[in-house]
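Below is one structure, written out as structure tokens; comments come after it.
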Amino acid sequence: MALKEQILRLDRMLRSADLNEAEATDLEVFNHVDMDRLHAFGQYIADKVVHRFWGERFPATIRGIAFALGGHETPLAEVARQVMATPWFEKTIGEDVTGSALLGWLCSRRDDFPRWLIDMAGYEYLVGCALPRLAHNETRDLEMEKNLLPELQLIEPVNDSQSAPGKGVQLAKTLALVCFEYPVTELQEVLSCGGMIEAEVLPEPQAVLLAVDKDGLLELDAGYPAADLLQLCARPQALEQLKSVFPNFAVEELVEEFKNLTLLEAFN
Amino acid sequence: MGPQVSTLSDIFQGPFLGLGLGIDVHGDDPDWRSLVDQDHRPFDFLEVFTRGDGGIAAEVRERVGPDFPLIYHHENLELVYPSPINKPAIEAAAINLNALSAPWCIEELAYREIEGRYIDFFMPALLTHESAVSTIKKLKEINSHLPTIVTPENPPYQLPVGDLHILEFMRLVGEGADVPLILDLGHLYSYQLCVGADPLDHLNKIPLERVIELHVAGANLVDINGVTIYEDSHGADVIPEILLGMLEEVLPQCPHIRAVTIEVEDASNERVLSEVERVRKVFDKLGVKAHGS
């Protein structure tokens, strides 16, 4: 067996979630390998991977997956063992900077997991990965993103000088809008702090609106009319125009608040 | 100082630089700038790891002054992975070597990528003759593109694969590519733990006359289901006492020794100073002094 194939085989052995299978298929090649040490090292790597690759950006997702795999006592490293054993792990870029391995794997097995977990993973992906990368013009895994968050809307300011009124406001930052079936922020907070989730989570739709730029993320606790107003402001809008679209809404106050939050900018 | 061109003979015959610090100049800990700005630096040289950034290498040289010795530690030449040489990585190494005026370039006998996929930890060389032959060929080719010599270092082992001892593997590579060698004592200990041997068993397998630099660093021993895994944590943990004992044994046996380096990433400045003091005590016991001190 060529040297490169030996290295690839060793890599697969270390990533195998079921090393008994590896023992059967690879012992002939690696007859100097200490199998106890192989198991221990595989476990050590999985523990490093789950924390280094995903611990910071997807804390609740990995806890939710571990819980779904085997209950609250399941070590987080088991999540890494599962992902690493599949070709999804070969999609990692750096420390899985795009989330392609973890979330691609999760989406591929979405029927095995509660639906709230997929929602919450989408929320953590948005906050911890997609939007920070968008803000810094870094590549994203758009195929995985579409699979995980099919209804995600990214609303960006449109440079449209022809439709600009003489005086008005326009969106100053990119907005992300997504509607989840479950209360993702609440679930995320509980799990990321090490709390437990009841076996059955009831649907409770939640719209999440996030503004993003290089300075960071701003999560807006805004209802649908406010979200609609911001969406409309992707193109320049005159204040009077906004008032006519939202006649039952305190448009001026809202616009002022959004200007203070640097979400809208005025032009003359 | 301009680019430095070093031959094998230059390296073997140069003076003993003394005790230095291996630092990642991109890291916050230790604060290398405040360490080098001291009036009386408690270390004799720096071994610089730059993540391939030539700009910061120039900053290091400017900060330490033109005559302070600097060595360069590179990372992604992938000496033991059977792939074509990585020209951008070699160019980056050349830029850094020139910026630092470093007399040699260190690179572990390990790989960090598999078919382009970053693996986040050092996977050490497969310990076979075939692997040694492949490494020698690649090392010779890389060295033909650089102003000085890439000097291989034994990597940490958690799972040796192959029928050669790591010190035998290093002998094959050192002699086959005709290069000096770096012996990391913690990494050697990690290998010996894997094979159930004493820390300096089989030391006669490596040609100690080729060893120009010794490394020590903090480490943590992790027990997983009764298997001891050596965690090469550098400055995040203290140097195990056993490594200082190894240093005391090995240092006098290396006739061309040029440097002893403490790798200190993630250490506080206080820990750096206390570790320097511990290694200096070994030097004092052996009567070892840096050139010019």
Report yes if A:Thr74 is assigned to a helix (DSSP H, G or I), among the polar types (S, T, N, Q) and more than 14 Å from chain B (Cβ to nearest Cβ), otherwise no. no
Could you list, in sequence order, all residues of the stretch B:156-199 that are away from every other protein chain (no Cβ under 14 Å), in a loop (DSSP other than H, G, I, E, B) and either open to solvent by less than 10 Å² (accessible area, probe 1.4 Å) or modelled with pLDDT under 95 (or both)? B:Val179, B:Pro180
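Go through A:Leu175, A:Leu134, A:Leu154 for me and flag whichever is open to solvent by 10 Å² or more (accessible area, probe 1.4 Å), assigned to a strand (DSSP E or B) and within 30 Å of A:Gln237 (Cβ to Cβ).
Values: A:Leu175 fails: open to solvent by 10 Å² or more (accessible area, probe 1.4 Å); A:Leu134 fails: assigned to a strand (DSSP E or B).
Testing whether each residue is open to solvent by 10 Å² or more (accessible area, probe 1.4 Å), assigned to a strand (DSSP E or B) and within 30 Å of A:Gln237 (Cβ to Cβ) leaves just A:Leu154.
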When restricted to A:Asp160, A:Asp141, the only residue among the charged types (D, E, K, R), over 15 Å from A:Val212 (Cβ atoms) and crowded, with 20+ Cβ neighbours inside 10 Å is A:Asp141
Taking A:Glu90 as the residue in question, decide whether it is free of Cβ contacts under 8 Å to residues at least 12 places away in the same chain, open to solvent by 30 Å² or more (accessible area, probe 1.4 Å), closer than 22 Å to A:Thr139 by Cα and within 14 Å of chain B (Cβ to nearest Cβ). yes
Going through the stretch B:25-51 in order, the residues found to be free of Cβ contacts under 8 Å to residues at least 40 places away in the same chain and acidic (Asp, Glu) are B:Asp28, B:Asp37, B:Asp39
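Can you tell me which residue is nearest to A:Leu134 (Cα to Cα) among those in the stretch A:79-113 that are of a type in the set (D, E, K, R) and outside any helix (DSSP H, G or I)?
Step one: list which residues in the stretch A:79-113 are of a type in the set (D, E, K, R), which gives A:81, A:90-91, A:95-96, A:109-112.
Checking the rest, the ones that are also outside any helix (DSSP H, G or I) come to A:95-96, A:109.
Numbers: A:Glu95: 18, A:Asp96: 16, A:Arg109: 26 Å.
It comes out as A:Asp96.
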Please work out which residue is nearest to B:Asn86 (Cα to Cα), limiting yourself to the stretch B:138-155 and to residues that are part of a loop (DSSP other than H, G, I, E, B) and under 16 Å from the mean Cα position of the chain (by Cα). B:Thr148
What is the residue count in the stretch A:246-265 for residues that are surrounded by 14 or more Cβ atoms within 10 Å (Cβ to Cβ) and among the β-branched types (Val, Ile, Thr)? 2
Selected residue (criterion: farthest from the other protein chains (Cβ to nearest Cβ)) from residues of the stretch B:214-239 that are outside any strand (DSSP E or B), farther than 20 Å from B:Leu183 by Cβ and among the aliphatic types (A, V, I, L, M): B:Val238
Give me the pairs: first residue in the stretch A:232-248 and under 18 Å from A:Val158 (Cβ atoms), second residue open to solvent by 70 Å² or more (accessible area, probe 1.4 Å) and among the basic types (Lys, Arg), beta-carbon distance under 8 Å, and six or more apart or on different chains, which are they? A:Ala238/A:Lys167
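Quick check, is A:Val79 open to solvent by less than 10 Å² (accessible area, probe 1.4 Å), at pLDDT 95 or above and within 14 Å of chain B (Cβ to nearest Cβ)?
Values: open to solvent by less than 10 Å² (accessible area, probe 1.4 Å): yes; at pLDDT 95 or above: yes; within 14 Å of chain B (Cβ to nearest Cβ): no.
Against the criterion (open to solvent by less than 10 Å² (accessible area, probe 1.4 Å), at pLDDT 95 or above and within 14 Å of chain B (Cβ to nearest Cβ)), A:Val79 does not qualify.
The values are calculated or read from the model by the stated rules, or taken from the named source; none is laboratory data. Keep in mind that what you see is a predicted model, and the values were worked out from it rather than measured. Here the Cβ is made from the backbone with ideal geometry for all residues, glycine too, and neighbour counts use every protein chain on show. Side chains included, ligands, DNA and RNA excluded: accessible areas come from the protein's heavy atoms. Shrake-Rupley method; radii C 1.70, N 1.55, O 1.52, S 1.80 Å.
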